[in-house]
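What follows is calculated from the coordinates using simple rules that are stated; it is not laboratory data. Model, not experiment: these values are computed from the prediction. Quick reminder, even Gly has a Cβ in these numbers, built from the backbone with ideal geometry, and neighbours come from all protein chains shown.
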Amino acid sequence: MKKIYIFTLLAIISLLGYSQVTITPNPFEVDESITITLDINSSSSNCNGFNNPSKVYIHSGVGDTTDPWTHVVGNWGIDDGIGEMTNQGGGIWTITFVPETYYGLSASEAANVVRMGMVFRNADGSEELKANGCQDFFFDVGTFQMSLSSPSSETTILNSGESLSISATNIGGPATYTLSANGSVINTANFVSNYSYTDMNITENKSYELTATLNGTTITRTFSVLVDPGSNFGIMAADYEDGINYIDDNTALLVLYATGKDFVYLAGSFNNYQPDASYAMKKDPTRNNKFWIELTGLTPGQIETYQYWVVDKTPVANSPVLVKTADPYSTLVLSPFDDPYIPTTSYPNMPTYPVGQEREVTVLQTGQTPYNWQVTDFQKPKKEDLIIYKLLVRDFDADRNYQDVIDKIDYFKSLNINAIELMPVMEFEGNESWGYNTSFHMALDKFYGTEDKLRELIDVCHQNGIAVILDLALNHAFGRNPMVRMWMDDPDGDGWGGPSSENPYFNVTATHTYSVGNDFDHSNPRTKDYTKRVIKHWVEEFHIDGFRWDLTKGFTQNCTSGNETCTNGYQQDRVDVLREYVDYSWSLDPYHYAIFEHLGSENEEKEWANYRYSEGKGVMMWGKMTDPYNELTMGQNGNKNINGIGHKSRSSFDGPRVLGYPESHDEERLMYKNLQFGNTSNSSHNVQDLNTALSRMSALAAVSVMVPGPKMIWHFGELGMNNSIFTCNNGTVNTPDDATPGDCKLDTKPQPQWGNNWITDAVRSQIYDDWSRLHKLKIEEPVFEGEYTISSGDFTPRIDIFDTSIPTSELRNVIILANFDVNTQFVNTNFPAGVTTTWYDLMDPTGNTTVSNSTTTITIPAGQFRILGNQPSSVLSVDDQNFSVFSIYPNPTQSLFRINSNVSNIEIYDLTGKKVKSYKGDFTKNDTFDISTLNTGTYIVKVEDNNNKTKTTKLVKL
């Protein structure tokens, strides 16, 4: 017998058809040839519609009514002929096909097809046509079809003792009908095409199933009744928190804030998602009418799942009567949309999503074994010393999980960073995301791993002196968020929507110009309570050391979505509420890091940067410096003023509270732009050549991260990552400026850094090594917490760093000089008088590389730098090199080499004696020499040492 199960209530739309779309014949079987006709003239859709398209494509699918898009044909936005319709003239477009063949269905797949969905687009997808209410077009498949005309909604709300009328019709001939309630048959009718029955005196919640059977085919409709439990007040014994309150290993008390709602049922695995009156939640009038219920008799350690069924019998226009939702304060949710695609290697033994339910459910588990923290007294690095390594777990390594990051702890230690910042790991919509589309702020997204695996990552970082900072997106939430859905505007009735006018947490329209998702109203006490609970959860349950607050410009109620001047201006409410939040963070952890991505005006940023600074607190403000630094690395003539990297660029800041960075997740990769737009005027130093561009990235770190104050780097900048931020899943690049609509900014990125073993590549590993040594100097030498001056704007920026409280017998003065020109430069030393007679190259751990105070200029090759101190530093270890013997390394090499001593006038000859390359000037052992353009073979390298003696050695080019 063929069984067709339809688990959602469907109207009779497909039998009546649409004015825009018709199917001939209708009804039809899956193996029949059909013609779909679209009349764009009669479109009343408010979803874009068409404007005289040259081509029209149908994007369509078939399946059951749970998912009519199970088998899809069409490639959105691509003009490839797949789904292209025929222009019949006069705005009429048609396409003819046999569904079974068109969708490539097997016999078993075809037998289960009962529904077809479709939308229409122009060639590039920039114009779209849907049905009224922005719904997809849907049609039933099959000549035997049954339509439920009553009840008119999937769930009917009744008072106790009322009745429910049930009626249905079918086409295809007289059928046999069976009606069941809560699993028991309550009525049957044989050989009818019109069915009706009234279930009388209903006093309990019921789940109904109506089946119609004809010639061995069965169609099923499901619907339900919820009985209003009436007055159901109760005082909670204590002031419990919203969400799950674990009382003991057998008891949990659940609390839900649902202002304006009439009643709430708790449905879960403990009642088979068929709650009776005992699961009607009590309302506590003494605690803002919060709903609550106590669960007893739970089994310790056993996974339970649940939803709240929230009812408003008289909702505002376009809002639903019933919303089924997970707990807003969930710490773990199961999703029917995302979980099936999460690898078991990332999240082993994932709890099973309950059969027959829809949307997220909350996980509840008493008697959990707490994580055994190895570090309980972690000492955070000083803010002045912070070098933050920002990463996206998804794009860090091939498995895209926390274990990947744990496995690379030695990589982080060797790089000498002291903090890791994770882009959002809270439950977000979809699996492969940046995470800023958060839906549950206290629940961990399972795509990256388990809660304890994240705790292990944090614990391992703490064991190695590395702090962990989380990106926190509390400006907004997306549509799956329970607090959006409980008070939502849902005109098309699909269970999704934006905030309604009754929503106590969200603005109907964003009150700033940078909105994404649904905009939180942070003036509302409920939103403030929620935000503080989120803070508390991550600080106390995961030992998080700090937050980077995303899009803090959105935390105002004073502006409109179209007024950018207002959004970027000083807003006192924004100042106050964000102070309140960091105060709360510091009440939990006095040394908690607070970072604001504000990128705003100094007069407002100073309110946070200086806030409680005298107590050792204060907020770090994001200091984006991508553009001027990229002009330097490209060797181009744009704005190269890098003074903003340091805290003194904000004159009103009391201390080092600018978190400066030259590269971030949200900007194009510096190396990509070097290769696309770098200076090509010098063929010997062509910045669009990969190795040449890479060789300039060490100097970038020298003039950015070494400036006093906290700094951030973006993952794999230390290896010269040159893939565009707009790299697509398939490896191509699609930017917003390209002809193809959309871009690939959020796409999952390839992993060349590990797949191609970049750490063993001579050129890339040199960047890593240089950055590592610079980081170590920055963190361990006290002078880098001192004062500084920056001279910039041209290709040779200079940074002077000093701390006059340090004795002259120690490192108290540092001068950083760099050359971002494409030609060698003779840079004016302009040494400060009276500091020292000899300056030491701090990148030389032997202390042998020196410059006399009387030297007026030093030679710096293109793309290189010098970092000089009044005293040598003992921070860096001496490499196991024999410095008494002249040698070059690596040798053999594919691309570049270094020399283990200071030399000048390097010349390279092939074995015939022909000079093939030369470098003029004075060089240190830290300089690199690019030979990637030379042919494979053996060469002779000739140099002059400090005593003007000529030395030679062989070099093998691979």
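Some observations on this one:
- Computed from phi, the 3J(HN,Hα) profile of the stretch 355-360 under the Karplus parametrisation 6.51, -1.76, 1.60 (θ = phi - 60°) reads 5, x, 9, 9, 6, 5 Hz, with x in place of Gly and Pro.
- Cα gyration tensor shape for the stretch 94-153, rounded if a/c is under 1.5, else prolate or oblate: oblate
- Taking amide H as placed 1.01 Å from N in the peptide plane, Y195 has its amide H under 5 Å from the amide H of A168, T169, each at least 5 places away in sequence or on another chain.
- Set of lysines with alpha-carbon distance to K408 below 16 Å, sequence-local pairs under 8 removed: K390, K453
- The chain - Debye-derived log10 I(q)/I(0), Cα point model, q = 0.04, 0.07, 0.09 Å⁻¹: -0.26, -0.72, -1.05
- Rounded to the nearest 20 debye, the dipole size of the stretch 453-515 about its Cα centre is 260 debye, using +1 on the Cβ of Lys and Arg and -1 on the Cβ of Asp and Glu.
- Residues I888, I725 in ascending order of nearby Cβ atoms (within 10 Å, fewest first): I888, I725.
- Prolate/oblate/rounded call for the stretch 243-364, Cα gyration tensor, a/c under 1.5 rounded: oblate
- In this rough spin-label picture, where each label sits 7 Å from Cα along the Cβ direction, the N828-N215 distance is 9.6 nm.
- Rounded to 5, percent antiparallel among DSSP beta bridges of the chain: 80
- Given charges at Cβ of Lys, Arg, Asp, Glu: the chain dipole, positive-most of M697, S501, N112: M697
- Excluding same-chain neighbours fewer than eight residues apart, the aspartates and glutamates reachable from K528 by a Cα-Cα span under 17 Å are E241, D242, D519, D550, D573, D576, E580, D583.
- Positive-end extreme of charge dipole, the stretch 146-228 - chosen from T217, N194, T155 (charges on Cβ): T217
- Furthest towards positive pole of dipole, F138, V361, L470, structure part the chain, Cβ charges: L470
- Subtracting the Cα-Cα distance of T936 and A237 from 0.36 nm times their residue separation leaves 243.5 nm of extension gain.
- Model label zone, L746; criterion: amide N under 11 Å from point 7 Å along Cα-to-beta-carbon; scope the stretch 517-560: 517
- Cα convex hull volume per residue for the stretch 21-177 (Å³): 145
- If you sort the three axes of the alpha carbon gyration tensor as a ≥ b ≥ c, you get a/c of 1.5 or more for the stretch 668-747 and a/b no higher than b/c, which makes it oblate.
- Taking C461, C559 and counting other C-beta atoms within 10 Å, the order from fewest to most: C559, C461
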